[in-house]
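S.K.: Encoded as structure tokens, here's the structure I'll be asking about.
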Amino acid sequence: MDDRTLMETAVQAREYSYSPYSNFRVGAALLCADGSVYTGCNMENAAFTPGICAERTAIYKAVSEGKRNFLAIAIAGGPAAAGPGELSLTAPCGVCRQVMREFCDPEAFRIILGTGGEDLQSWLLKDLLPLSFGPENLASGREPGEKKEKEVPGA
Ligand SMILES: [Zn+2]
């Protein structure tokens, strides 16, 4: 799937955003190495802290179905009234960057940003989360950047 199609999928996922407090709607589309795509939207809560971002929703959906090998994520965000092409350039928050770091290769995983129109930006995770702390910092015998385990078979 190309970047533009992945962004269009994120724009569609944004339609499901539950964001009555911020009125800032975000959608995300996560591309797995096997070609499958998982979507997510932001979900707010009256108690505030239980809310979750679109990016983590997509990642957690994928991981919960056995996927752990990801290539890219497209993020589409903006005020509720903004339509495709009018969105804000919405970069992932720090928490989502850290969750990406858990499952994604910082040297290869791409974060695709755009306004839902023609313009697209592609960033590497290592550039949005430099000098990061990840699983290899805790796992004994595994060096930074070393490949993680393969995707769960049959998932
Ligand atoms: Zn976030």
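The values are calculated or read from the model by the stated rules, or taken from the named source; none is laboratory data. Since we're looking at a predicted model, the values are computed, not measured. When we count neighbours, we look across all protein chains shown, and the Cβ atoms used for this are built from the backbone with ideal geometry, even at glycine.
S.K.: Being more than 14 Å from the ligand (Cβ to nearest atom), surrounded by 16 or more Cβ atoms within 10 Å (Cβ to Cβ) and charged (D, E, K, R), is that true of even one residue in region 56-70?
M.R.: Within region 56-70, one or more residues are more than 14 Å from the ligand (Cβ to nearest atom), surrounded by 16 or more Cβ atoms within 10 Å (Cβ to Cβ) and charged (D, E, K, R).
S.K.: Regarding region 115-128, can at least one residue be identified that is in a loop (DSSP other than H, G, I, E, B), modelled with pLDDT of 95 or more, buried (at least 16 other Cβ atoms within 10 Å of the Cβ) and within 16 Å of the ligand (Cβ to nearest atom)?
M.R.: No, region 115-128 has no match at all.
S.K.: Then there's this: Sort out which residues of region 27-64 are in contact with a helix residue (DSSP H, G or I) (Cβ under 6 Å, 6 or more places away or on another chain) and assigned to a loop (DSSP other than H, G, I, E, B), and write them in order of number.
M.R.: Asn42, Cys53 - these are the residues of region 27-64 that are in contact with a helix residue (DSSP H, G or I) (Cβ under 6 Å, 6 or more places away or on another chain) and assigned to a loop (DSSP other than H, G, I, E, B).
S.K.: Could you grab me the full set of residues in region 96-106 that are more than 14 Å from the ligand (Cβ to nearest atom) and touching a Lys or Arg at 6+ places or on another chain (Cβ under 6 Å)?
M.R.: Answer for region 96-106, where residues must be more than 14 Å from the ligand (Cβ to nearest atom) and touching a Lys or Arg at 6+ places or on another chain (Cβ under 6 Å): Phe103, Pro106.
S.K.: Among the residues in region 74-95, are any touching a residue at least 40 places away in the same chain (Cβ under 8 Å), surrounded by fewer than 13 Cβ atoms within 10 Å (Cβ to Cβ), on the phi > 0 side of the Ramachandran plot and more than 16 Å from the ligand (Cβ to nearest atom)?
M.R.: no
S.K.: Does Phe133 satisfy the condition of being more than 15 Å from the ligand (Cβ to nearest atom) and over 15 Å from the mean Cα position of the chain (by Cα)?
M.R.: Answer is yes for this residue.
S.K.: I've got another one for you. Tell me which of these Glu136 doesn't satisfy, since it passes every other one: (1) part of a strand (DSSP E or B); (2) surrounded by fewer than 16 Cβ atoms within 10 Å (Cβ to Cβ).
M.R.: (1)
S.K.: Which members of region 79-89 meet the condition of being at pLDDT 95 or above and touching a helix residue (DSSP H, G or I) at 6+ places or on another chain (Cβ under 8 Å)?
M.R.: Leu87
S.K.: Oh, and also: At pLDDT 95 or above, under 22 Å from Met43 (Cα atoms), within 14 Å of the ligand (Cβ to nearest atom) and in a strand (DSSP E or B): does that describe Ile112?
M.R.: no
S.K.: What single numbered condition from (1) without any contact (Cβ under 8 Å) to a residue 40 or more places away in the chain; (2) in contact with a Gly (Cβ under 7 Å, 6 or more places away or on another chain) fails to hold for Tyr18?
M.R.: So Tyr18 meets the others, but not (2).
S.K.: Please state which one of Gly77, Gly94, Gly66, Gly51 is of a type outside the set (Phe, Trp, Tyr) and within 22 Å of Glu8 (Cα to Cα).
M.R.: Gly77
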